[in-house]
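What follows is one structure encoded as structure tokens, with my remarks underneath.
The values are calculated or read from the model by the stated rules, or taken from the named source; none is laboratory data. Please read these numbers as outputs of a predicted model, since none were measured by experiment. All Cβ positions, even for glycine, are placed from backbone atoms using ideal geometry, and neighbour counts span all protein chains on display. Just so you know, the surface numbers come from the protein's heavy atoms only, side chains and all, with ligands and any DNA or RNA stripped out. Shrake-Rupley method; radii C 1.70, N 1.55, O 1.52, S 1.80 Å.
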Amino acid sequence: MATMRSAVLVGPRDIRLEDVERPVVDRDTVIVQLESLGICGSNLHWWAGAPVEQGLMRFPLPGGGGHEYAGVVDEVGSDVTRVEPGDRVVVDFFESSSCGECAQCATGLFSQCERRRFLGLGGFTEYLKTTEKGLYPLPDNLETRTAAVVEPMACAVGGVRRADLRGGETVVVLGAGVLGLCAAGAAKALGAAKVVVTAKYDAQAALAPRFGADVVLRSGEPELVERIRAETGPHGADLVVETVGGHAPTLSQAIEVLRPGRSVVVLGLWDEPVPVDSWGAILKDARLIFSLTYGLTAKRHDFELCLEWMASGRVPAEELVTHLRPLAEIANAFELAADKSQGVIKVILNP
Ligand SMILES: [Zn+2]
Ligand SMILES: [Zn+2]
């Protein structure tokens, strides 16, 4: 039996590597040798134990929850026609494991597939079994080792696309981590006239202009809502993208600075249920859009758009990868990713 290294989240703040069986290719599957594994904000919630308290997850978690993948096709089954060994790809694992036929798949919302196919262990691991669906080829000018950043970028891009920008809007993005900066970049690429970003950390604030931010405010500033309003003008923001979650007051702030009749897109993950100012929201005819992941919008997959924007330099998401670490250092890499005071924006593991 061939083995590989794979993570297991044993308990709070305790992630380790173990030897597990390496996946074997079937007729209609593909084995991807992973070269880029992103540590996601959601991973940090699980690592810190938050969804355990909410009953959403249990320890131990085999694979450790990793889901941001890029690598090289290693083996393909005899029925596979779309990829071949040696192809460099990023993986939409939701699409890859989707049935492709249910009502949710028909709308391109693969993350909500009603008949998901179990393909075996995923996560922080050396080899991943997928199908030929959900594999997106990397353009020649993008490196494999940082390419896992496409997955969180696609979360942000997918969320912004759900808000239907038409051009000329004023957009406020709360938070300037990977999601916030990619949302800002997406808003600008989709025609926003003015993008206002709030950033907590210096490294985030410094990068924000590269991602289309016209104005960068610091989230710790006193009277932040008034500062944002001064930038949006009296009507308020045409779109607010909330990317912070945790314990932040950003959902209320988003509704406060929103223009009546417009949308708030919520990308942040909350440590506990948060109160919403429902009067404030209804009196504004606010639209609240919660957006978990990516998929098809107008028949175009968010990954394709992300790769196009990265390859052209329009949204330089690879610049968000501040730290690369070997998979063997996963425990330290999680500690590093959790401590944003050290200039960390994105940590990626390289098996
Ligand atoms: Zn993620
Ligand atoms: Zn389905």
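Each label point was placed 7 Å from the Cα along the Cα-to-Cβ direction; for Val72 and Thr322 their separation is 3.0 nm.
Global dimensions of segment 38-171 from alpha-carbon coordinates: Rg and Dmax equal 16.4, 51 Å.
Beta carbons within 10 angstrom, averaged per residue: use that to sort the peptides 232-244, 304-316, highest first.
232-244, 304-316
Taking amide H positions as modeled 1.01 Å from N, with prolines and chain starts lacking one, the residues under 5 Å from Lys346 and 5 or more places away or on another chain are Thr322, His323.
For the peptides 218-224, 324-330, residues were scored by their other Cβ atoms within 10 Å and the scores averaged per peptide; the highest-first order is 324-330, 218-224.
Just to confirm my numbers, what's the Cα centroid distance between segment 273-350 and segment 181-248 in Å? Answer, in whole Å: 15.
What shape does segment 236-349 take by its C-alpha gyration tensor, where a ≥ b ≥ c are the square roots of the eigenvalues and a/c under 1.5 counts as rounded, a/b above b/c as prolate, and the rest as oblate?
Cα axes put segment 236-349 in the oblate bin.
Note on Phe290 and Glu18: the model spin-label points, each 7 Å out from Cα along the C-beta direction, lie 3.2 nm apart.
In order along segment 91-98, phi translates into HN-Hα couplings of 10, 8, 5, 4, 5, 4, 9, 7 Hz, rounded to whole numbers, per the Karplus curve 6.51 cos²θ - 1.76 cosθ + 1.60 with θ = phi - 60° and x for Gly and Pro. Dipole orientation for segment 40-152: of the candidates Leu138, Val149, Gly120, Gly120 has the Cα lying most toward the positive pole (charges on Cβ; Lys, Arg +1; Asp, Glu -1). Taking the accessible area of the chain, probe 1.4 Å, and keeping the other protein chains in place, the carbon and sulfur fraction comes to 50%. What segment 163-290 shows is 44 Å² of accessible area per residue, with the surface traced by a 1.4 Å probe over protein heavy atoms. Placing +1 on each Lys and Arg Cβ and -1 on each Asp and Glu Cβ, with no other charges, gives segment 163-290 a dipole about its Cα centre of roughly 360 debye. Relative contact order of segment 163-290: 23 percent, from C-alpha pairs under 8 Å at least 6 residues apart in sequence. A crude spin-label estimate for the pair Asp140 and Arg117, with each label 7 Å from Cα along the Cβ direction, gives 3.2 nm.
Charge dipole (Cα centre; +1 on Lys/Arg Cβ, -1 on Asp/Glu Cβ; no other charges) of segment 193-239 amounts to roughly 120 debye. About its Cα centre, the dipole of the chain is roughly 680 debye, where the only charges are +1 on Lys and Arg Cβ and -1 on Asp and Glu Cβ.
The calculated P(r) of segment 163-290, using every Cα pair and 10 Å bins from 0, goes 14, 50, 32, 3 in percent. Classify the chain from the C-alpha gyration tensor, please: rounded if a/c falls under 1.5, else prolate or oblate depending on whether a/b exceeds b/c. Note, shape of the chain comes out prolate.
Relative contact order of the chain, taken over Cα pairs closer than 8 Å and 6 or more residues apart, is 18 percent. Fully extending the segment from Ala338 to Arg166 would add 58.3 nm, taking 0.36 nm per residue of separation and subtracting the current Cα-Cα distance. Ranked by the mean number of other Cβ atoms within 10 Å of their residues, highest first, the peptides 121-134, 268-281 come out as 121-134, 268-281.
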